[in-house]
1. Please report, in debye to the nearest 20, how large the charge dipole of the protein assembly as shown is about its Cα centre when each Lys and Arg carries +1 at its beta carbon and each Asp and Glu carries -1 there.
2. Determine, for each peptide in A:291-299, B:168-176, the mean count of other beta carbons within 10 angstrom over its residues, then list the peptides with the highest first.
3. Tell me which residues come under 5 Å, amide H to amide H, from B:LYS283 once H is placed; ignore anything under 5 positions away on its chain.
4. Only bridges with both residues in the protein assembly as shown count here: give the DSSP antiparallel percent, nearest 5.
5. Putting +1 on Lys and Arg Cβ atoms and -1 on Asp and Glu Cβ atoms, find which of B:SER232, B:ASN199, B:ILE349 reaches farthest to the positive end of the dipole of chain B.
6. Test of understanding: ordering B:MET304, A:MET527, B:MET50 by Cβ neighbours within 10 Å, fewest first, what list do you get?
7. If you take each beta carbon of peptide A:161-173 and count the beta carbons of other chains within 10 angstrom, what is the mean?
8. Near the amide H of C:GLN213, under 5 Å away, which other amide H atoms are found, from residues 5 or more places off or on another chain, if H is placed in the peptide plane?
Amino acid sequence: MINRGITKSVSFFKIIYCLLAILILYFAFLPVLSVVFSSIFAQGRGISFQDIAHALKYLKNSLIVTIPVTFAATALGTVVAFTLQRLRFRGNQLLKLLALLPLINPPFVGSLAFIMLFGKRGLITNKLLGLTISPYGLAGIITMQVLSLTSLAYILVSSSIKRVDPSLEEAARNLGSSSGRILSTVTLPLMLPEISSTALLVFLASMADFGTPLIIGGNFQTLASDLYIQITGLYDIHMAAVSGLFLLLPCLLAFVVHRYYLHQKYYSSSNIVSENIEFKQMPRPLKAVLTIITMLFTGVVVLKYGFIVIGAFTKQWGYNYSFTLQHLTGALTADLRPFINSIRLALIVALVSAILGVFLAYILKRNQPTAAGIIDFMATLPAAVPGILFGIGYLVTFKHPFLGIGKWVFPDAKPLVLLGTSSIIYFVCIARYLNVGLKSGYALLAHLDPNMEKASYNLGENEVRTFFRVTLPLLKPAFYTTFLKNFSTTMTTLGAIIFLLIPSNKVAVQQIFQRITGSEIGVAAAMGVLLSATSLVLLGIFYLLFNYQEIIKKMRSRGSWD
Amino acid sequence: MLKKLISSVLLLILVAALTACTPSSAPDAGLDNSEGNTLWSSEHYDADKMKGLSLNLYGVTDKVRPILDIFEQDTGIRVEHLTMKNGEILQRLENEYEAGVSIADLWFTGGADTFINAAEKGLLTGYQTPAAEVLDADMKDPDGFWHGTSLTLVNWVVNTALIEEKGLKMPEEWNDLLQDGLKDEVSMSNPASSGTAYNVITSVLQTKGEDNGWIYLEELIEQVPFFTARGSDPKNLVVNGEAIVGINASNGDFEVEKEYEHIKIVYPSDGTGWWPQPVAIVKGTQKLDAAKVFVDWLISKRGMQVVAEKRYAAVARGDIEIPEGIVDIKNIELFPADFKAGAQNRESILAEWARRVDK
Amino acid sequence: MGLRIANLTVQYNKSIAVDNITLTVKTGELLALLGPSGCGKTTLLKSVAGLIPQTSGSIFLKQAEISSWRPQKRNTALVFQNYALFPHLNVEENIAYGLRTRKLSSTLITKKIDQVVEIVRLKQYQHRQVHQLSGGQQQRVALARALVLEPDVLLFDEPLSNLDEKLRVSMRQEIRRIQKELQITSIYVTHDQEEALAIADRIAIMNNGRIEQIETPDNIYHYPTNTFVADFIGSANIFRAEVVKKDANYLEVALLGKRIGRKVSAKGIHSKATCLLRPEEISIVSQAGLPAKIVWVENLGNIKRYTVKLLTGGNVIVDILNSRNKAPYVLNQDIFIDFSADAVQLIDLN
């Protein structure tokens, strides 16, 4: 009887798996393929020598930005993470929180704040130091990207630092190593796999960033921003497609190299999560240097975001710093639907991508179905594709009916065209962020005892019921982290959806982008602040909802002590 | 108990977010309804049928929103708009045409050259609105593919604080941009990606003649530290003090000047470029009649008046009272304009420009 | 002299983990630190290594006070409970780690590694990755990594707790063999009394941050000084006995009809004294003993453990060798028990 139950539920998982596989093939993989094909075969015009020369020029620019940014942001993020997680000093906890700030804000407004502070007539460079240096160009892009991507690196590396077994450092110390030697021979090498995946993500984010070069690049543009200009300014979709191909290739290359060569080994396989383990006997000068670097970094971050708030509440950013609420009321009385749309988009995308991602991780890891490797690859691939390109992939794929293949099969099935419906941005975001759920699902499953499920079968439950009653509750943490992460990312995403929006379904980030273009800087800043505040409040609510049991427990135990 | 409570709260938030409908943006009550409705008419208008209908509109600015709200007040037809760059609109319309999907019904605001381009590609529907009879010939397409609604005028955004600080001459004519103090302080967009800059080049070439024109442009290039991607960038740079003079395009309004004390809008005394801001009906629209009503309304005295007052725009009709805060085009020297020629020679002019920039 | 710890106290926040401990480990001796979890034994070990700072007191190693030395200067070698092998290094690199730190020449390093892998019998695994090894092999690598440094004191932190029973027994014999062979002063932390009894020259029983008793395995088993030690090691019948006679250095008590006199000073004892009688010291006899009834029987393999209820009241545990030539007693059987007065240990005297 039990046997029959398992066979039945196996087929249940098989059906779900097939369904998911098909969806991933269509919504995650096909658009990437489309980008490649459309650039090679677009509009009857092949790739010419000039096209390649043009693309190569911007590729060079992209790499000039991305390579130093990747190194600097990863290194700085590692330093900040190590300092905040492993060293003890005053204000440590506060800095931990502040270093996260850039994650909840759309990047465009940050670039403006940067100009106001460090521009030719910037508050710091000009008014304070008497310099007139132009922030536009390479240095500006690199600085901005390093600032925002260091925060990303900080978060990713932090989690790996927590998983370094402190007894290894004790062993090294016991075997006679000085602190410096422990750092270089044990602590850092152990973090290296995670640092390399962090570097990959920083690399991809930097390559994909079109907003920063656009706003402060001056005449220095990268492949991503050139792509945007090609489409919006030059009406040249063909050139854009060629640029897109050249943008895609290094990203895919980095992705594949990382996936199949660098990512082979992970040292933190044990369940150890060591919160707040101090790195002891750090030589004073080194500790001082690390602490100062960290404080400087968080200082600049706070300066930047504080300045955005100032911009939102003063008359003329940069000229007249008298208090006003006019920008805020301007932002609030403007059409609020984009805000609501943003929230709705983020909610649904976070919910669906977290459920599907974690569920898929479960099926791939536990049931080990056919083609698991391929499905995993296809589902993870969109993470490597710059958002704006992925959006273009959707554009060229889903302008044809019936999920894109109807071009040949059902040329007249117009109602099934996805392009131009308000649902397309949901699909694009879910496909793009599915991998986040997949990854946290894997991470959690690696620590879950497979015998747990066997125990449930032994007690007479079938696979489906076991999944819902045993596995699902255990997978909840992965679901929660994915939800929170994808919610905040989707709230500020623009690249992937910018070419897919329709008039009745605008989102807040796009509104901010428009305001910046229209030099309504105060309103843009106010909207930015409003958007951040909204995400922050919602994230807080979700966090409370997900963790209320622990929080109550904590409060109770604290109450009993006092 | 608590668990139930919390999950119901979560559910509530979800439901609220999912069902949250439009907080109906109250239409502007500034313009008197009863009077306004006598100033327009459309043979395609059917109040009962069209009430609650919704049209989609592409454009290059969010400033059209108040105009669309008054249109809704007058007709009951709601118009949703999406703001994009000229090229993006063109690209989208091509895409949608190819895919056979109809998203946009209307296209309002943007550069005339993109409209001409789109008309040639067959992306627009021709419609001769009776209201357009009073328009000048260069303000409308002979086949009715587009109608000009207002003028976009090339002007300079000047940071007066910096002019004073550096003791420079306030620029009045084009040659003033070449003064030594403005080296690296003039901001201009890239003509390849911005209609504003392209228009400036063609205008200069048309008025000064090929040879003298290129000599002037070469000197101008020397003054510009870098060419921005978008036409709106120079204005932002000047406002932020990153440049002193920015070559800009506007409707004839003085909004930047009003908003920022240190900014002045200058119309060069020896002439400036211009182009019409058209409206057009997108081919393939499922709501052709309602779209026609919009064009009729917009080109009517009523519509033009609204455009003048809400956009502070120098409008296409001559029979509209010019509200405060708009430049009177009669006081401005306009370069002669040949948009068609400008659109046709685009590639060769841009190639020549690129050659001189790279020199 | 090997290692001397004097008045050592270690405090975390407010709680005291090691409370004013003084002890000496002789050169070449293996001292087992035995105690329940949380008694402070690992803390004591790690403060000898310098990995946990002491609050007060001093530690002397080979006559030198090392209390203020950095851990890397102390020349102590710690074998961790989870081995703490570097996962990014292979077996040989793990063993060489401490030698490289000491900047030895590579020929010398190779030589030393060759020797030590011989000793711990890891020759054929030298180039393996750590995660390819079994638990026992990883344990040997951890041991080799410590041994190769020829430390002044070798510190074991529950080194066998992650291994299964059989492996644990063979590994502890091997550790003891190597330790004796190389004459390395060692402290061996464990919570397993059998392991401590089997491996140690002397055992220190720890409880609540203090040392309850330090003795040789034999003495700690037969002559515990207090209830905690008596109860912690082996199984124990503990009685409260009437004091019959008490002098400055003589105490006599009455226990189950026998008189037990000892030449001890018992300042803390008044009307009653605590006595220990190990279950194997009691025999079951056919007559002329204390009448009792068997109420529970456990077969422990080499012995049978009977719980008997005395007719006069109270339960006693009795261990009888489980020889197949001997008919076992059964549940509810009426029996007599007997013991020798010499077998009784008076405890908790002070």
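Computed from the coordinates by the stated procedures, all read-outs in this text should not be read as laboratory data. Since we're looking at a predicted model, the values are computed, not measured. Reconstructed Cβ throughout: ideal geometry from the backbone, glycine too, with neighbour counts over all protein chains shown.
1. Numbers: 120 positive and 110 negative charges, 1482 e Å.
Computed charge dipole of the protein assembly as shown: roughly 7120 debye.
2. Values: A:291-299: 17.4, B:168-176: 15.4.
Order by mean packing, descending: A:291-299, B:168-176.
3. B:LEU124, B:THR125
4. Details: 86 of 116 bridges.
Beta bridges within the protein assembly as shown, antiparallel portion: roughly 75 percent.
5. Checked the options; the winner is B:SER232.
6. Details: B:MET304 26, A:MET527 30, B:MET50 18.
Ranked by crowding around the Cβ, least crowded first: B:MET50, B:MET304, A:MET527.
7. Working: counts 0, 0, 0, 0, 5, 2, 8, 8, 2, 10, 17, 7, 9.
What the average comes to for A:161-173 is 5.
8. Hits under the 5 Å cutoff: C:ILE205.
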